[in-house]
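Everything below concerns the one structure shown next.
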């Protein structure tokens, strides 16, 4: 696998993170940090009566891979349930760890295939999905 770790699509996503403002009254807010590189992602969520994400706010202070992952998560999080977010988080974790052959069932995740051999980068890629899954679970309680 000789694909560059930082390609044009990663950099494009990193520069176009949706929901780049924190919410003033979230149902839940979770911050996750990578102990390896110091990347940090905070996700604020509001969920509707059906338990689906209806509003999102994020503060992303991460490397390009963490920013790109936050961008993909944010682009497709509205309308998702806590269970769907937990599944995406778990699939991403398993794929990065080599325990799953296919990328997660989340649009665009195959873009991180060049990062698979770079274990030190995995935590940053997982941050947004970990924060969103935990926030959705908290909001649904």
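None of the figures in this text is laboratory data; all of them are computed from the coordinates on show. No experiment lies behind these values; they were computed from the predicted model shown. Heads up, the Cβs are rebuilt from the backbone with ideal geometry, glycines too, and the neighbour counts pull from every protein chain shown.
Of all the residues that make up the stretch 3-33, how many are surrounded by 15 or more Cβ atoms within 10 Å (Cβ to Cβ), under 16 Å from the mean Cα position of the chain (by Cα) and part of a loop (DSSP other than H, G, I, E, B)? Total meeting the criteria: 3.
Within the stretch 38-72, the only residue that satisfies the criterion of being surrounded by fewer than 16 Cβ atoms within 10 Å (Cβ to Cβ) and closer than 18 Å to residue 13 by Cβ is 61. Helices (runs of 4 or more DSSP H) fully within the stretch 34-141 that include at least 2 residues being more than 14 Å from residue 17 (Cα to Cα): 82-96, 119-139.
Taken together, the residues in the stretch 92-110 that are in contact with a helix residue (DSSP H, G or I) (Cβ under 9 Å, 6 or more places away or on another chain) and either buried (at least 20 other Cβ atoms within 10 Å of the Cβ) or over 22 Å from residue 80 (Cβ atoms) (or both) amount to 9. Against the numbered list (1) touching a strand residue (DSSP E or B) at 6+ places or on another chain (Cβ under 6 Å); (2) free of Cβ contacts under 8 Å to residues at least 12 places away in the same chain, residue 70 comes up short only at (2).
Among the residues of the stretch 17-30, those identified as over 13 Å from residue 69 (Cβ atoms) and touching a residue at least 12 places away in the same chain (Cβ under 8 Å) are 19, 20, 21, 22, 23, 25, 26, 27, 28, 29, 30.
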